[in-house]
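Structure first, commentary second.
The values are calculated or read from the model by the stated rules, or taken from the named source; none is laboratory data. These figures come from a predicted structure and were not determined experimentally. Cβ atoms come from the backbone with ideal geometry, glycine included; neighbour counts cover every protein chain shown. Note: accessible area is taken over every heavy atom of the protein model, side chains too, but ligands, DNA and RNA are not part of it. Shrake-Rupley method; radii C 1.70, N 1.55, O 1.52, S 1.80 Å.
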Amino acid sequence: MILIIDDDKAVRMSLGLLLKRGGYDVDYAADPEEALSKVRQQNYELMLMDMNYSRGVSGEEGIELLRKVKIFQPDTPVILITAWGSIELAVEGMRHGAYDFMTKPWNNGLLLQRIETAIDLNRGSVEIETPRFNRAGIIGESRGMTELLSTVERIAPTEAPVLILGENGTGKEMVAHAVHLNSNRGKAPFVMVNLGGISQSLFESEMFGHAKGAFTGAVASRKGRFEVADKGTIFLDEIGDLDMSCQVKLLRVLQQHTFEPLGDTRTRKVDIRVISATNANLRDMVAEKTFREDLFYRINLITLHLPALRERREDIPLLVRHFVEQGAKENGLRMPEVSAEGMDFLTRLPYPGNIRQLKNMVERALLTGGRRLEKKDFLNVAGNATEERDIKPAGTIDDMEKAMIERVLEESGGNHSRASRELGLTRQALYRRMEKYGLK
């Protein structure tokens, strides 16, 4: 028998009718008190539970009910029924023992399928191997990275949109890929879009596709990124660089999951999960009216903060060894060792370009150094510095970062493209740091 717990009579009756047609016996509870009374007296195969009740909308009562239900019937699977805006609450419920959640309005066929699977698994009639968490190549054992990966593992199976925040070069794309690979969409497409590299005039064509003859040069129909990502995940990188007019068009797709290709009047429906990333402060942009508030709340139901490399220095030796091994293999070289002095030197640098800059330095030292990479090998590629005093830590991290940028700019003759490559930064990120430190 399945217990339906919901204070909305229409919802109870609708779910009850669906389950009876599916061959299940059904029982009902209209509030937490009635539900607890029933679970004390009878065992259930499964429970469908609403998270919000008439006395409040915070969901605290639903979480408390879930805790108590699991005390009396710890092995009974619980599927949460929640509104779209309460997905974060449902994720919290899963941390407290819920088996799964569905959003309103639910899909009847999918709900019955999940109920059948949950009951079969609980009876032991289906044996499955718990899938191993896929790190997607992410390297790090620091506290910050361990906590981040633990959060990714918890939220990946949900359908909640994710916003990844972090500086350039910290690995936001890899984190997005890890969320995708560990989700139920892991075998479907993962489509990455660098919104900072798409002009306003090309946005609709790139994202929604176009029909043949839609504009001059459209000699054939072309699928957009959303259609390619159907049934999978779309990763919207650098979403903070999107101009306001394009934000409106993006918001419509995220709200309605429909779009029309350029030059085509037929509406296409798309089933996707959205992961976004930026190094910008979107809250400040919302306050400055340069980023839409409704879009901001649509994309950041779950927010992941990716630490900068200087905040996880204990991971640098792991990253260095990985880049040395990877670089030696790719270039057909015998893998050298890194001296203790050389490793110590690398762990003290400011890294304005984060992991991207570290990788760049290690690969260049690998190609120019010998069988053993010493401190001097890394000195030679740290902005081509020739004297140790040029990169010795002095003052704060900001002081170190400013000094490194100044030196690389000087050695590049003021060539911003070359300097950004040396530092492992995009040109936009270099400009922002130059402005921060008052550099010309």
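Apply the Karplus parameterisation 6.51 cos²θ - 1.76 cosθ + 1.60, with θ equal to phi minus 60°, to every residue of region 227-234 and state each ³J(HN,Hα) to the nearest whole Hz, in sequence, with x for glycine and proline.
5, 5, 7, 3, 6, x, 10, 10
Among residues other than Asn182 whose Cβ falls under 14 Å from its Cβ, what is the net charge (Lys/Arg +1, Asp/Glu -1)?
In short, +4.
Solvent-accessible area per residue for region 254-340 at a 1.4 Å probe radius, Å²?
54
With only alpha-carbon atoms in the gyration tensor, what are the semi-axes of the equivalent ellipsoid for region 1-55, in Å, largest first?
Working through the eigenvalues yields semi-axes of 17, 15, 7 Å.
Carbon and sulfur together cover what percent of the accessible area of region 219-289 at a 1.4 Å probe radius?
Using a 1.4 Å probe with all protein chains present, region 219-289 comes out at 50 percent carbon and sulfur.
Quick one: order Thr103, Thr368 from most to least accessible surface, probe 1.4 Å.
From most exposed to least exposed: Thr368, Thr103.
Summing +1 for each Lys or Arg and -1 for each Asp or Glu, what net charge is found among the other residues whose Cβ lies under 14 Å from the Cβ of Gly22?
-1
For the pair Val248/Glu33, report the inter-label distance in nm, with labels modelled 7 Å from Cα in the Cβ direction.
The answer from the label model is 5.2 nm.
May I ask for the net charge around Met192, where only other residues with Cβ less than 12 Å from the Cβ of Met192 are counted and Lys, Arg are +1 while Asp, Glu are -1?
Every neighbour counted, the sum reads -1.
Count of lysine pairs in region 185-322 with Cα atoms under 18 Å apart, counting only pairs 8 or more residues apart in sequence or on different chains?
8
Given the C-alpha centroids of region 345-366 and region 1-28, what is the distance between them in whole angstrom?
When both Cα centres are located, 59 Å separates them.
Ignoring the sites themselves, what is the longest stretch of the chain with no GluC sites (Glu not before Pro) in a DSSP loop and at most 15 other beta-carbon atoms within 10 Å?
142-287
Calculate, for Thr117 and Asn194, the FRET efficiency according to 1/(1 + (r/R0)^6) with r their C-beta to C-beta distance and R0 45 Å; round to the nearest 0.05. Could the numbers behind the result be given before it?
Details: r = 38 Å, r/R0 = 0.83.
E between Thr117 and Asn194, to the nearest 0.05, is 0.75.
What do you get for Rg/Rh of region 155-209 when both radii come from the Cα atoms and Rh is the Kirkwood radius?
1.02
Can you give the accessible area of Val69, probe radius 1.4 Å, in Å² rounded to 10?
Rounded to the nearest 10, that gives 0 Å².
Comparing Leu148, Leu163, Leu112, which has the greatest mean-square fluctuation in the GNM of the chain with Cα pairs linked when under 10 Å apart?
Leu112
What is the gain in length, in nm to one decimal, between Leu17 and Ser417 on full extension, counting 0.36 nm per residue of separation less the C-alpha to C-alpha distance?
137.5 nm
Which value in Å does the Kirkwood hydrodynamic radius of region 66-198 take, with 1/r averaged over all unlike C-alpha pairs and then inverted?
On the way: mean 1/r = 0.0589 Å⁻¹.
By the Kirkwood definition, the hydrodynamic radius is 17.0 Å.
Cross-link candidates for Lys440: which lysines have Cα within less than 16 Å, leaving aside residues fewer than 8 places away along the same chain?
Lys402
Quick check on region 251-313: take the gyration tensor over C-alpha atoms, sort the square-rooted eigenvalues as a ≥ b ≥ c, and tell me if it's rounded (a/c under 1.5), prolate or oblate.
Prolate.
With the other protein chains left in place, how much accessible area per residue, in square angstrom, belongs to region 1-81 at a 1.4 angstrom probe?
Value returned for region 1-81: 48 Å² of accessible area per residue.
By DSSP, what percent of the beta bridges with both residues in the chain are antiparallel, rounded to the nearest 5?
10
Using a Gaussian network model of the chain with C-alpha springs under 10 Å, which one of Gly196, Gly124, Gly144 is most mobile by mean-square fluctuation?
In the Gaussian network model the winner is Gly124.
Against the longest alpha carbon principal axis of the chain, how many degrees, from 0 to 90 and to the nearest 10, is the axis of helix 172-181 turned?
Rounded to the nearest ten degrees, it is 30.
Between Gly232 and residues 5 or more places away or on another chain, which pairs have amide H atoms under 5 Å apart, with H built 1.01 Å from N, and which residues are they?
For Gly232, the qualifying residues are Arg273.
At a probe radius of 1.4 Å, what is the per-residue accessible area of Lys212, in Å² to the nearest 10?
150
So what is the relative contact order of the chain, in percent, for Cα pairs below 8 Å that sit 6 or more residues apart?
11
For region 218-336, what does the alpha-carbon gyration tensor say about shape, rounded, prolate or oblate, given a ≥ b ≥ c as the root eigenvalues, a/c under 1.5 as rounded, and a/b over b/c as prolate?
oblate
For the chain, modelled as a Gaussian network with Cα springs under 10 Å, which listed residue fluctuates most, Ser276, Ser417, Ser205?
Sorting by GNM fluctuation, first place goes to Ser417.
Once you sort the root eigenvalues of the Cα gyration tensor of region 151-305 as a ≥ b ≥ c, which label holds: rounded (a/c under 1.5), prolate (a/b larger than b/c) or oblate (the other case)?
Values: a/c = 1.89, a/b = 1.33, b/c = 1.42.
Oblate, because a/c is 1.5 or more while a/b does not exceed b/c.
How much mean residue ellipticity at 222 nm does the chain get from its helices, if each DSSP H run of length 4 or more adds -39500 (n - 2.57) and you divide by all residues, to the nearest 500 deg cm²/dmol?
Numbers: 19 runs with 199 residues, N = 440.
Result for the chain, helices only: -13500 deg cm²/dmol.
Residue separation times 0.36 nm, minus the C-alpha to C-alpha distance between Asp399 and Lys104: what's the value?
Here the answer is 101.0 nm.
Using only the alpha carbons of the chain, what is the convex hull's orientation-averaged projected area in square nanometres?
So the mean shadow area of the Cα hull is 27.3 nm².
So for the pair Glu410, Thr303, with labels modelled 7 Å out along Cα→Cβ, what separation do we get in nm?
If labels sit at Glu410 and Thr303, their model points lie 3.9 nm apart.
Tell me the per residue accessible area of region 155-214 using a 1.4 Å probe; a whole number in Å² is fine.
With all protein chains present, region 155-214 gives 38 Å² per residue.
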